[in-house]
Amino acid sequence: MKKRLLLLTTLLVAAMGLSACGKKEEEEPTTTEEVTTTEEATTEDPHAGLNYNELTGEWSADYVSKRPIAVMINNLREALPSSGTMQADIIYECMVEGGITRIMPIFSSYEDIEKLGSVRSARHYYINIANEYDAIYVHYGQSAPAKERLDNHAIDNINGMTYDAGFYRDSARVAPHNAYTTGERVKQGIEDMGYNAEYDEVSHQQVLSFNEEDTDLSEGETANTVHVNFSNYSKPYFIYNSDTKLYDRYEYDNPQVDDQADESDNTLKFKNIIIMKSSYQCINPKNDLQDLKQVGEGEGYYCTNGKAVPIKWKKSSENSKTEFLTQDGEPLLLNPGKTWISIIGDGTEAGVSFE
């Protein structure tokens, strides 16, 4: 009997053990997988709400894209200082007659310019340059070759010889260095002539190309002073200011200033300097009227941030845009900012040097 009781007890304990073991297996916690969601990173547009100025490569909330104006400005010693030129985005300088030069500032914004000049007569190769930027050309008179092109409607232009309302004479200057205009007069002239102030979206092409940010040249020679000789008469130069990282322009051994700017900061200054080497040819010995070779290929230099590198340029036709290229044939990228472009010849007095 005792043996039977012991056996039953043993079986009962075993059954209880199996039951508990089964319950333990059932109650064993289940592992839950943790689901994580990764939000896609979004990159903020640094130029949101800004407009791009293709003449300087800069972004601004105030800038409004439209056709620029290109103005023929006197550069004789007795005509300086000029007025309004500091507001230009790009300035071209070419030789005209007698070894002198004229400059052609190109303005993306001009309506608020209170005095601009002194304005001088057109030259035919300046018409070609202005057309590259789809600019409206402002001048007072013209040479014979320029007149021929203007008569054939080569460019939208405002001429002081035919549109007197666009200009005025400054009694403080002697003729022919006393013709001036204003941004308001130019704007009115564009309306009166019926010119389109907007770019043609189909045909318009940008001339200059820019880096996204200010970038030092990785190679090149030191160019803290850039001498650009056109002739015995005209030997301007640029001095690099390491504080502003801009080149100050000098003409006739003095800073070239804008008499409409604040006297504490009125020197013309530029982020980029391009020097194009080409050739001039006298086409009228009576007054040494010049022609400039613009179609073809040539060499030059690009200067920025105190350094200079050799470059190439090419222009396939009179109506095409000039291409600026590196020595390797890649598009030249300028630093964002204002640009001065000098086109020198191949005469004995012409040349470029750096210090």
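Whenever a residue of the stretch 234-246 is among the aliphatic types (A, V, I, L, M), its partners that are at pLDDT 95 or above, lying with C-beta atoms within less than 6 angstrom and at least six residues away or across chains, give the pairs Ile239/Thr225; Ile239/Asp248; Leu246/Lys269; Leu246/Lys271.
Please specify each residue of the stretch 58-82 satisfying the condition of being of a type in the set (Gly, Ala, Ser), surrounded by fewer than 22 Cβ atoms within 10 Å (Cβ to Cβ) and either in a strand (DSSP E or B) or touching a strand residue (DSSP E or B) at 6+ places or on another chain (Cβ under 8 Å) (or both). Within the stretch 58-82, Ser60, Ala61, Ser65 meet the criteria. Here Phe238 meets each of (1) modelled with pLDDT of 95 or more; (2) farther than 24 Å from Asp253 by Cβ with one exception, condition (2).
Would you say Ile129 is surrounded by 23 or more Cβ atoms within 10 Å (Cβ to Cβ) and within 23 Å of Lys293 (Cβ to Cβ)? Taking the combined requirement at face value, the residue satisfies it. Filtered by the rule that a residue be part of a loop (DSSP other than H, G, I, E, B) and in contact with a helix residue (DSSP H, G or I) (Cβ under 7 Å, 6 or more places away or on another chain), the stretch 144-155 gives Ala154, Ile155.
Which residue, of Ser118, Ser143, Ser108, is crowded, with 20+ Cβ neighbours inside 10 Å, over 26 Å from Arg249 (Cα atoms), touching a residue at least 40 places away in the same chain (Cβ under 8 Å) and small (Gly, Ala, Ser)?
On the way: Ser118 fails: over 26 Å from Arg249 (Cα atoms); Ser108 fails: over 26 Å from Arg249 (Cα atoms).
Testing whether each residue is crowded, with 20+ Cβ neighbours inside 10 Å, over 26 Å from Arg249 (Cα atoms), touching a residue at least 40 places away in the same chain (Cβ under 8 Å) and small (Gly, Ala, Ser) leaves just Ser143.
Criterion applied to Ala135, Ala70, Ala154 was being touching a Phe, Trp or Tyr at 6+ places or on another chain (Cβ under 6 Å) and under 23 Å from Gln206 (Cβ atoms), and the one residue passing it is Ala70.
Matching residues to (1) modelled with pLDDT under 95; (2) in contact with a His (Cβ under 9 Å, 6 or more places away or on another chain); (3) not in a loop (DSSP other than H, G, I, E, B):
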residue	(1), (2), (3)
Leu5	yes, no, yes
Thr32	yes, no, no
Pro46	yes, no, no
Thr56	no, no, no
Gly99	no, no, no
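Taken over the stretch 274-318, the criterion of being under 22 Å from the mean Cα position of the chain (by Cα) and acidic (Asp, Glu) is satisfied by Glu297, Glu299, Glu318.
Checking each residue in the stretch 333-350 for being closer than 17 Å to Phe270 by Cα and out of contact with any helix residue (DSSP H, G or I) (no Cβ under 9 Å at 6 or more places or on another chain) picks out Leu333, Leu334, Asn335, Pro336, Gly337, Lys338, Thr339, Trp340, Ser342. Return yes or no: is Ile344 at pLDDT 95 or above and farther than 18 Å from Phe230 by Cβ? It is false that Ile344 is at pLDDT 95 or above and farther than 18 Å from Phe230 by Cβ. Restricting the stretch 286-329 to residues that are of a type in the set (Lys, Arg) and within 15 Å of Val207 (Cα to Cα) leaves a set whose member that is surrounded by the most Cβ atoms within 10 Å (Cβ to Cβ) is Lys315.
When you look at Tyr168, is it among the hydroxyl-bearing types (Ser, Thr, Tyr) and either within 24 Å of Glu97 (Cα to Cα) or in contact (Cβ under 8 Å) with a residue 24 or more places away in the chain (or both), yes or no? If you could, list the steps in order and put the result at the bottom.
On the way: among the hydroxyl-bearing types (Ser, Thr, Tyr): yes; either within 24 Å of Glu97 (Cα to Cα) or in contact (Cβ under 8 Å) with a residue 24 or more places away in the chain (or both): no.
Spelling it out, it is not the case that Tyr168 is among the hydroxyl-bearing types (Ser, Thr, Tyr) and either within 24 Å of Glu97 (Cα to Cα) or in contact (Cβ under 8 Å) with a residue 24 or more places away in the chain (or both).
Please note which strands (runs of 3 or more DSSP E) are completely contained in the stretch 307-355 and include at least 2 residues that are touching an Asp or Glu at 6+ places or on another chain (Cβ under 9 Å). Give the derivation first.
Working: elements: 307-315, 323-325, 339-344, 351-354.
Ranges flagged: 307-315, 339-344.
The values are calculated or read from the model by the stated rules, or taken from the named source; none is laboratory data. If you're wondering where the values come from, they're calculated on a predicted model, not measured in any experiment. Every residue, glycine as well, gets a Cβ built from its backbone with ideal geometry; the counts of neighbours run over all protein chains shown.
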